Every structure is written in structure tokens, then in C-alpha cells.
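K.L.:
Supplied in C-alpha cells, the structure appears directly below.
The values are calculated or read from the model by the stated rules, or taken from the named source; none is laboratory data. Keep in mind that what you see is a predicted model, and the values were worked out from it rather than measured. When we count neighbours, we look across all protein chains shown, and the Cβ atoms used for this are built from the backbone with ideal geometry, even at glycine.
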Protein chains: 2
Amino acid sequence: MTELQNMSDSALRAFHDRVCEEFDAFRDRGLALDMTRGKPSTAQLDLSNALLRLPDNVDYHLADGSDARNYGGGVHGIPEARELFSEVLGAPVTQIIIGGNSSLALMHDCIVYALLTEVPGGATPWNDVKGAKFICPVPGYDRHFAICEDFGIEMVTVGMTGEGPDMDEVERLVADPLVKGMWCVPKYSNPTGETYSDDTIRRLASMKAGAPDFRLFWDNAYALHNLTEPRREILNILGETEAAGNPDRAFVFGSTSKITFGGGGLALFASSPANVDWLTARMQKCTIGPDKLNQLRHVRYLKDVAGLDQLMDRHRSLIAPKFEAIYEAFDKHLSGRGAAEWKTPEGGYFISVDVPDGCAEKVIQLCGDAGVTLTPAGSTYPYGHDPHDRNIRVAPTYPDIADVQLAGEGLSLAVLVTVSESLLAARTTEKTT
Amino acid sequence: MTELQNMSDSALRAFHDRVCEEFDAFRDRGLALDMTRGKPSTAQLDLSNALLRLPDNVDYHLADGSDARNYGGGVHGIPEARELFSEVLGAPVTQIIIGGNSSLALMHDCIVYALLTEVPGGATPWNDVKGAKFICPVPGYDRHFAICEDFGIEMVTVGMTGEGPDMDEVERLVADPLVKGMWCVPKYSNPTGETYSDDTIRRLASMKAGAPDFRLFWDNAYALHNLTEPRREILNILGETEAAGNPDRAFVFGSTSKITFGGGGLALFASSPANVDWLTARMQKCTIGPDKLNQLRHVRYLKDVAGLDQLMDRHRSLIAPKFEAIYEAFDKHLSGRGAAEWKTPEGGYFISVDVPDGCAEKVIQLCGDAGVTLTPAGSTYPYGHDPHDRNIRVAPTYPDIADVQLAGEGLSLAVLVTVSESLLAARTTEKTT
């Protein structure tokens, strides 16, 4: 296909007219497709329905004989759940905390506690530091950025390279003692889908940080969520930080919300002994303990790492075709047009699409007009502002595959309308100036 | 019976020798009875076993048609749970938040958010105020005090009068603009069991606070937990504060941990529209939402307020005899001895016992030696320090009734040993000086 940039004025105008017609026809279908969030589909949730009947009436005791229905057992979570996720999180059982239903809440709480009471290695709470900053690889996860924004933590962005964040830039930024943290989604990153390379992880573990209490917020949300086989394995950040002499550098987070039930799963945490002690000391003031029944339910249902792997295979078989459906639409409409670049991630929940500068907001608005709701423009950047207005996050997991196909169609047409229009406008401006 | 104080030296010595012998015999039985925490018993937990099978496989949709297994629906909790607890909390559905499994965590979060972002009516976050204080009625709940201690909030104590806190003292203290909050357990208070009178509640609602962002932390943990009939009703603090022109003064908390499962229940919150907006704005940064499945489970099981009342009646029939067992032991051993004063609360989970000044720690230690574990001395006071060393909290709900009887026996003997010994020592000192 011809790149739009290389078309003659008249060809481009004809092309624009044609895709406008196609888009109008699409819009007139009056669809309502929600592609905003990385939500599991109903079929995915059905995989874990057995959870709903667990633990059964006569079997609510933990392996240690205690009653999961009552208070007690502390804030670390039940031993069998800590055991189950120890391998997934890459830390010994004693360094694992199984929390409530939200890993985001655990991340939020770690920041809140760090604002109010110094983390190991720190001399003061972060709140006492004027101008505390976080490094934010972009595009990234809007809910990470929202926590920083809410508490006035300045966000400094670094680009993604395909192997994780631009490490030269990260190493330059982290020398600043005001930089207290960095958001990382190391595997199948949200939204680009890329996975941090060994070199990236080693550099993050060993780089010289200006702040002795600098922390990597290592949100390994998609640790098991591969779309292709075999699953990518990444270096164990806790092993690398320890080897590099920075044992307390990483807070590792995980979640089963996209394994069992969205918002009805378990939040996971792993870190160094000092960090685990710090967090549990804070948690002990906050709560008597997590919902042990839901933890027991999960252990009984998932059983072991093999059980987790089998379940994730079933998720993959439901999700992967939806990603393929988007790629098919993109290939059909956008390939060779120079109108968009997109990732084909090996895992995760998103497809990241870059359109020419200044076009993302318009594309998303057009899609909205046609009943295809996408994550708002700018969401993947701090403060909701994409400086180039070019990134679009597509979340294909939730709708039925027929709807995903339609959404891919609509999005492709919206891209073509917007980009051809933008090119035409630029040519007009060129000629009149 | 003769008061110990009025016995002759020889009679007191003989009495002391006798109770020491009895206590030694008790200790030699090698019991292990845990009376430390207000935990439901196994029989109480069995009442709600039906919860463990809810929601069943085919019935996980909310009334609005949404799927409780997936993300979505916001941070307020599911509509049917908000509806169910609206009457209990005394606020319209729109002013109710149903949280996770821990009301303590909700209280903790309210303090954390108030430390970091100003509450409605406040000019600055509490953390920016040097020397922020909380009023703490004593004796009170150790976990309330621990939150303040953790964040360096100074605690100023006021005594309890039998109708709630000493309001003359509260009104004097609250004029200080550094006083930002006050802990209140208004019904069947922990540990004294007393219930705030209408006059107390009206004065709390209408008193002039020095800080415009002063908050009552109204932990109505025992709202439905009566031991006698009929249940005491207290004034609705939200109605009273609104009528007094202080609509944003109270954060109201509740919990089903002592209704369904300890740590496996629901945390409840009610307040003014401004406070609810403030809290939900914070929560939206923290989490995608609570565990809706556990909320749905609770709604299906409890059904309505009548269902709640029936369940609480069944709890009462299990708990009340345990309180009676303690009173019987106290009546048998301690009545008329002048060695202890105890409450006979109309509800709640505790019996508060006052021994002569300087005796509580010794009594609790002796009990521990004899296998009757009580909440550590001082726990009911801020910083774990009972200035008179006289308050003992007895939590009779968890053990079997036979064990509660034994524990009452052991505690009574430990009191008699300690107090007679203390009197003898005082008489010796008198004579030698």
C-alpha cells in the first residue's frame, strides 16, 4: 500500500473521502464497545467459578489448624498462600506478604507509609523532603501516575526503548537525591507490552541512586500473563538488587485479579527482609489481618504453581485471539500506510498504538463518536498529558471477539480519517504560507 | 464478706495464705486459656457458615446486572450492601461506603489521608500542623491508640463517666486548635461497655471546636451487639452534628467482623456528603474497588435488617452466658472484698475490671503464670501506660463456657492474692516507717 505521505493531493483527498464514508457507515451502526480498561472477559471469569464454592462448609481450617473464619495469624497472609506465590514472586516465603484484593492499594500504601515514616535506609519521611520525585517510564499506567499526582510527587518521564526504560536517562535522573522512586512494569509492560531485558534489570539493580532510600516500585502485574509460548522469563529483581549491594531497593508487587477475579483476587508483595519488616510494622497498625478466607479459597483452587500455569494457559487461549483480531484489522487497513505503529506484545493486556503527533486525541474522540470507547488520550502519561498526543492504548480482553474485530475496524478507520485529514490540512497550510 | 482493708493483720495474713494456696492449686492445673482479644467463638462463626457457599456458581450478578466477579462499580461498594447498612449506620445510601475486610483499616486510612491532604473545612493537611492531637477517652481501644502513636499524633486522655467521656473536660480540650480528632466507641464502649448518653452525644455534636477540621472518629463497632434486651439505641451522631451546624464533624465506622466472620467481613463507613466525597476521592487513587463478591455474599446471607437482628440474637444467646460466668466467679470471690470493681455491660465484647492502684500488672502476670492470658496491662491506655496500673480488660467471648468459668476463677484468685499481698506490704511499710 502507498504511505499516505507519498500520495498526491488528489489521491489523498480521494482516499480521505473514501475512509470518511467507510467510517460514517461504521458509526451509523450505533455500536457500544468498551475498550477502555484491561478487564478480564466473562469467559475468563468463568474459568474460576469453582472459587465461588470454596472453601466449603466443613473445610475452613488452615494447614496449621487455625480457623480461617476468625481473627488471627497476623498481617503477612496465610502460610499456604505465601508458599504458593513464593516462586512466582522470586523470594523466600518469609519475604512474602499476601494482602487484600488490590495490589494498587498495596503500592499506594507503600507510598503513603514512605511519605509518613522513613523507609529502611532513609533519614526522613518522603513527605519532609521538598520536591520528592518519581521516575515514570512512558507510556505507562495511569493509576500509578495518579497516586503520585494525588500526593504532589513530581513525575519525571523517561522513554521506553523496547527493552524497558531508557537506562542512560534513568541513570542520569536517579543521581538526584530528590528522586525517591520509580515505577516499573517489568514484564509485558502496560501499555507497550515490552519486557525489561537482563541488561536493563541489572542496571536498575546496580545503578547509583542519589537517595539512599530510593525504591523501585516493581509492579509485576503480568508475571504469568503471556500471549505467546513459551512465557518470557525476566531476571529476579530481588536477587539482582541483593547481588548489587542494594538489597532494599525493590518493592515487588503482583496480583491475581487477572488470574482469578478482577477485584476479587489477592494482592501480592515481596521484598527484602528489612522492607517486609517495615511494611508489616505499618500494616500491623492498620489492620488485624487480610481476608484469610479469600486466601484459602485461592490456595484450594489454584493448588500450586502447576495449577496457576494451567489456568494461565486457559486465559491465553481466550485472550490471544482477541489480540490477533486487532492485528488483523490493523494489517488490513493500516499496514504500509505510515499512519500508525503498533506493538504486538508477547503478553499483558494491551496493545499500544502510536499515531502521528497531534492525532491521538482526535482518533479517540472519533472512536467515541462511533461507540468504541478507548482509554482517554493522554492517560498513559503523567498528569494525563501526552506531550506528542500520539499514544493510544487498546484493551482488547473484555469484549467478545466479534466486538473486538469491530473495534479494530472502527479504530483503524478513525486513524485513517484523522491522519489523512491532518496531512491534507498541513498541505493546505504549507501552500497558503 | 469482709472487705480486705478492714481485716486484722492476722486475718488478712490467713486470708492471703489461703488464696495463695487456692491459686497455686489453680496454676498447677496447667491450663491454657486465651482471654486477650474480642474474638468470636467457633460456635458464633458456625452461625454464618452459609456464607461460605455464597454466592453460588450461577448467581454472581448484582441487582444492576453487573458481574461481581469483575472490576468496576467504583469504590463505594455494591449498591445492595450500601442499602442494607444504611439504616444501621444512620445515613442515606449515598452517604455510605462499604469497604474491605477491616474497619480499622478505614479509620487508619482516614487518618493517613487527613495527614496528607486536608479534610473538608481544613486549611492544611494535619501533617503540616506541628503537634496535632487526638482526645482519647480512657480506658479505650489499644488499636485506636496505636494508629495515633505510629504517626506521632499526641494523645490527651479524658476519663469515662458511665455516660461516655467526661464532657466538661472534652469541651475544654477541644477548644485547642491543635486537637484534630477524638476517638469514640459510643455504644458498649471498648472496654468499659458504657453507652454514650443523649446529652453526651449532643454535646459532642455541638461543642465548639478550636480546629475547623476537627473530626469525631465514631467507631460504632458494637452497634448491634447487645447482651441484654432490648438493645440500647443511641442518638444518630450524623443527625445531631448536622442539626448543630457541624455536618462534617463525624466519621462513622462499623464492621461485620463480629457479625459474620472475624477479618472476613465488611468494613462500613458513613458521613456527610462532603466527607464521603473527600474519602472516595482518596480511595479512587488507592484501589479500583472493594471485593464485591464478599459484599454480595453478605447481602445474600444477611438479606435485610431483620436478618441482621436475628443473627445478632443468636450471637447474644452464645455470648451472654459467658459474661454471666465471669460475673458468677467475681460474685463468689470478689463481692464485698473491696478488691475489684467491675462493669456488667449491656453489650459489647468486654468486661472492664478495676483493681486497686498499682495492682493490674501483677494480677495479669499471675494470671499468665496460671495459663490465663489477658490483654497486657496498660493496653487500654495510650502508649500502653495505665497511669494508675489498675485497669484489666476481660474478653470472655472466644473460649468455651467451661473455660470462661475457669478463667473467671483464676482471675478472681489472682486479684485476691495480689490485693491482699499489696495490703500486707503497705501495712508492713507503715509499721517500719
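K.L.:
Given the criterion in contact (Cβ under 8 Å) with a residue 24 or more places away in the chain, more than 25 Å from the chain's Cα centre (by Cα) and assigned to a helix (DSSP H, G or I), identify the matching residue among A:314, A:300.
P.N.:
Result of the check over A:314, A:300: A:300.
K.L.:
When you look at residue A:380, is it under 22 Å from residue A:258 (Cβ atoms), buried (at least 21 other Cβ atoms within 10 Å of the Cβ) and not small (Gly, Ala, Ser), yes or no? Give the steps one after another, and end with the answer.
P.N.:
Working: under 22 Å from residue A:258 (Cβ atoms): yes; buried (at least 21 other Cβ atoms within 10 Å of the Cβ): yes; not small (Gly, Ala, Ser): yes.
Spelling it out, residue A:380 is indeed under 22 Å from residue A:258 (Cβ atoms), buried (at least 21 other Cβ atoms within 10 Å of the Cβ) and not small (Gly, Ala, Ser).
K.L.:
Something else now. Over 26 Å from residue B:61 (Cα atoms), of a type in the set (Gly, Ala, Ser) and either in contact with a Leu (Cβ under 8 Å, 6 or more places away or on another chain) or away from chain A (no Cβ under 14 Å) (or both) - does that describe any residue in the range B:324-331? Write out each step before concluding.
P.N.:
Kept after step one, since they are over 26 Å from residue B:61 (Cα atoms), are these residues of the range B:324-331: B:324-331.
Going one step further and asking which of them are of a type in the set (Gly, Ala, Ser), we end up with B:325, B:329.
Filter again for either in contact with a Leu (Cβ under 8 Å, 6 or more places away or on another chain) or away from chain A (no Cβ under 14 Å) (or both), leaving B:325, B:329.
Scanning the range B:324-331 turns up at least one residue that is over 26 Å from residue B:61 (Cα atoms), of a type in the set (Gly, Ala, Ser) and either in contact with a Leu (Cβ under 8 Å, 6 or more places away or on another chain) or away from chain A (no Cβ under 14 Å) (or both).
K.L.:
Let me ask something else. Given the conditions (1) under 30 Å from residue A:223 (Cβ atoms); (2) in contact with a helix residue (DSSP H, G or I) (Cβ under 7 Å, 6 or more places away or on another chain), report the number of the one that residue A:366 does not fulfil.
P.N.:
(1)
K.L.:
Okay, moving on. Kindly provide the set of residues from the range B:264-275 that are within 14 Å of residue B:121 (Cβ to Cβ) and either crowded, with 20+ Cβ neighbours inside 10 Å or outside the structural domain of residue B:109 (by TED's automatic domain parsing) (or both), ordered by number.
P.N.:
If we filter the range B:264-275 for residues that are within 14 Å of residue B:121 (Cβ to Cβ), which is where we start, we get B:271-275.
If the condition is that a residue be within 14 Å of residue B:121 (Cβ to Cβ) and either crowded, with 20+ Cβ neighbours inside 10 Å or outside the structural domain of residue B:109 (by TED's automatic domain parsing) (or both), then B:271, B:272, B:275 are the ones that fit.
K.L.:
Now for a different question. What number of residues in the range A:283-326 are in contact with a strand residue (DSSP E or B) (Cβ under 8 Å, 6 or more places away or on another chain) and either surrounded by fewer than 16 Cβ atoms within 10 Å (Cβ to Cβ) or acidic (Asp, Glu) (or both)?
P.N.:
Adding up the residues that qualify gives 0.
K.L.:
Right, here's the next one. Kindly indicate the residue of the range B:24-43 that is more than 14 Å from chain A (Cβ to nearest Cβ) and among the small types (Gly, Ala, Ser) and also surrounded by the fewest Cβ atoms within 10 Å (Cβ to Cβ) among those meeting that condition.
P.N.:
Selected residue: B:30.
K.L.:
All but one of (1) outside the structural domain of residue A:250 (by TED's automatic domain parsing); (2) hydrophobic (A, V, I, L, M, F, W, C); (3) under 31 Å from the mean Cα position of the chain (by Cα) hold for residue A:19; state the number of the condition that does not hold.
P.N.:
Of everything listed in (1) outside the structural domain of residue A:250 (by TED's automatic domain parsing); (2) hydrophobic (A, V, I, L, M, F, W, C); (3) under 31 Å from the mean Cα position of the chain (by Cα), residue A:19 misses just condition (3).
K.L.:
Residue under question is residue A:357, and the condition is that it be assigned to a helix (DSSP H, G or I), touching a Lys or Arg at 6+ places or on another chain (Cβ under 9 Å) and of a type in the set (Asp, Glu); does it hold? Let's see the steps before the verdict.
P.N.:
On the way: assigned to a helix (DSSP H, G or I): no; touching a Lys or Arg at 6+ places or on another chain (Cβ under 9 Å): yes; of a type in the set (Asp, Glu): yes.
No.
K.L.:
Something else now. Only one of these conditions is not met by residue A:54: (1) among the hydrophobic types (A, V, I, L, M, F, W, C); (2) within 27 Å of the chain's Cα centre (by Cα); (3) within 9 Å of chain B (Cβ to nearest Cβ). Which number is it?
P.N.:
Here residue A:54 meets the rest and fails (2).
K.L.:
Quick one: what pairs do we get from the range B:263-284, first residue farther than 19 Å from residue B:118 by Cα and facing chain A (nearest Cβ under 9 Å), second outside any strand (DSSP E or B) and of a type in the set (D, E, K, R), C-beta under 9 Å, 6+ apart or different chains?
P.N.:
Partner pairs satisfying both residue conditions: B:263/A:69; B:263/A:291; B:263/A:292; B:264/A:69; B:264/A:291; B:264/A:292; B:265/A:291; B:265/B:258.
K.L.:
Which one is surrounded by the fewest Cβ atoms within 10 Å (Cβ to Cβ), of the residues in the range A:1-23 that are of a type in the set (Gly, Ala, Ser) and not in a loop (DSSP other than H, G, I, E, B)?
P.N.:
Here the answer is A:10.
K.L.:
Give the residue that is nearest to residue B:145 (Cα to Cα), with candidates limited to residues of the range B:387-400 that are modelled with pLDDT of 95 or more and surrounded by fewer than 21 Cβ atoms within 10 Å (Cβ to Cβ).
P.N.:
B:387
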